[in-house]
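Asker: Structure incoming, see below.
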Amino acid sequence: MANAADGGKAKPAKHPETAKDNRVWFIARADETTVLRFGVPGTADPVFAVSCQPGARLLQFTVEVKSTKIRSGEGVALSLAAGKRRLELAASTFRGVGEDTLVAEAAVALDDRVLDLLSEGETLTVRAPGATASFPLAGAKAKLPDFRRACQTRR
């Protein structure tokens with residue numbers, strides 16, 4: 001409703017779909033593991049993460065999914081795609097923090113070519129049975145060189 005205080009112009013209502021997305025890409029370190037995470041800084045659980053354990057020569061992908069076709073404890077096919085690159089993984093699932101939220105995790109051998117997935121295209125698309133999620137890669141591309149270095153330090 002317009003009033004004299006705002007010059008007679010009504011302010012548009014805020015809608016949830018136009019709310020600012022506070023999620024960003026950042027690097028976290030703990031012991032022998034370095035993690036490239038996408039989520040809200042300061043929260044415990046990111047919506048997407050890739051961690052490397054150089055000593056064990058492993059990369060682990062973790063993603064939150066909302067699907068009625070997956071149950072906690074099931075093995076699922078997880079597809080990650082960006083640009084012309086695609087990675088198919090066998091993942092395990094467990095119960096996530098939010099209602100109807102599961103977390104899918106998959107591990108692969110630490111190979112620099114796997115990380116090339118995060119440098120292709122503008123968006124990372126993750127698919128699991130009954131669920132699809134997309135994450136912007138602009139911030140990941142900026143952090144990727146530091147993440148690669150951290151993953152290669154202890155060979």
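Asker: With a 1.4 Å probe and all protein chains left in place, how much accessible area per residue does the chain have, in Å²?
Answerer: Here the per-residue accessible area is 60 Å².
Asker: So, one more: Give me the percent relative contact order of the chain, please, defined on Cα pairs under 8 angstrom at least 6 residues apart.
Answerer: RCO, the chain: 20 percent.
Asker: Given V103, V47, G83, which one lies farthest toward the positive end of the charge dipole of segment 37-155, if we put +1 on the Cβ of every Lys and Arg and -1 on the Cβ of every Asp and Glu?
Answerer: Farthest along the dipole direction, towards plus: G83.
Asker: For the Cα atoms of the chain, what angle does the longest principal axis make with the long axis of helix 138-152, in degrees from 0 to 90, nearest 10?
Answerer: That helix lies at roughly 20 degrees to the long axis.
Asker: Based on the mean of other beta carbon atoms within 10 Å per residue, what is the order of 26-32, 50-56, 105-111, most packed first?
Answerer: Per-residue Cβ counts within 10 Å, averaged per peptide and sorted highest first, yield 50-56, 105-111, 26-32.
Asker: Roughly how many percent of the accessible protein surface of segment 22-155 is carbon and sulfur, given a 1.4 Å probe and a whole-percent answer?
Answerer: About 48 percent, which is the carbon plus sulfur part of the accessible surface.
Asker: Then there is this: Quick one: divide the alpha-carbon radius of gyration of the chain by 2.2 N^0.38 Å and tell me what you get.
Answerer: Computed over Cα atoms of the chain, the ratio equals 1.25.
Asker: Using unit Cβ charges (K, R positive; D, E negative) and no other charged atoms, how large, in debye to the nearest 20, is the dipole of the chain about its Cα centre?
Answerer: Value, rounded to 20: 300 debye.
Asker: Here is a follow-up. How would you classify segment 20-73 from its alpha-carbon gyration tensor, with a ≥ b ≥ c the square roots of the eigenvalues: rounded for a/c under 1.5, else prolate if a/b is greater than b/c, otherwise oblate?
Answerer: oblate
Asker: With a cap of 10 neighbouring Cβ atoms within 10 Å, and only residues DSSP puts in a loop, list the trypsin sites (Lys or Arg not before Pro) found in segment 72-134.
Answerer: For trypsin sites (Lys or Arg not before Pro) across segment 72-134 that sit outside H, G, I, E and B with at most 10 neighbouring Cβ atoms in 10 Å, the list reads K84.
The values are calculated or read from the model by the stated rules, or taken from the named source; none is laboratory data. Computed from a prediction, not measured in an experiment: that's the story for all the values here. Neighbour counts run over all protein chains shown; Cβ positions are idealised from the backbone, glycine included. Remember, those area values only see protein heavy atoms, side chains included, never the ligands or the DNA or RNA. Shrake-Rupley method; radii C 1.70, N 1.55, O 1.52, S 1.80 Å.
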